[in-house]
1. How many residues are aromatic (Phe, Trp, Tyr) and open to solvent by 50 Å² or more (accessible area, probe 1.4 Å) when one looks only at segment 112-131?
2. Being at pLDDT 75 or above and either farther than 19 Å from Thr53 by Cβ or of a type outside the set (S, T, N, Q) (or both) is true for just one of Pro95, Pro133. Which residue is that?
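The values are calculated or read from the model by the stated rules, or taken from the named source; none is laboratory data. These numbers come from a predicted model, not from an experiment. Cβ coordinates were reconstructed from backbone atoms using ideal geometry, including for glycine residues, and neighbour counts include every protein chain displayed. For the accessible areas, the whole protein counts, side chains as well, though only heavy atoms, and no ligand, DNA or RNA atoms are used. Shrake-Rupley method; radii C 1.70, N 1.55, O 1.52, S 1.80 Å.
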Amino acid sequence: MKRRLGVALVSVLAAALLPFTAAPASAFAADVCVGQGTAVTGAPVYYYLFGPTVPAGASANFTLAIGGCLLDPGAHGNNVNGAFDRGLVHVDPTPFGLPVIGNYCGHSEGAINASGHSARWISAASLLVIYSPQVSAGAFGVVNAVPDALAGESCTTGARQFLVTGALILTPPL
């Protein structure tokens, strides 16, 4: 079901951007890339309450087949390097307060670099929303990341390897 949802989201994103791909690369240099692969983290990732939060700065490196770009196939490479940030922080202003929520399976945040295109991610369940604070040389998209169960990975015992599927829009430098 999650894989179908991921494929549906990628399909909708690609279909919405299809009109822009008809222009020659020199006229519109943003590129739409879709792919699948693996992500390996520098520290195990657990569900909340099952283990410690991933520390800020821990690596999160994705190996995606992002050579499937529409305008410039193969030019962007296959590696997306990243690192976890301090984690999502929610502070309740009432006297009760909520605990600080860090980086866990299902909710995390971090920064990535995809072939010179910098961006950030924030996750909700297995979906990572990729966004860029700047339009120039940024990346935008959605990635589905789930622990590689066939390799014995689980968020209850600490997962380090994830299967990822998604789409990115790589914007050109201005």
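1. Matching residues across segment 112-131 total 1.
2. Among Pro95, Pro133, only Pro133 is at pLDDT 75 or above and either farther than 19 Å from Thr53 by Cβ or of a type outside the set (S, T, N, Q) (or both).
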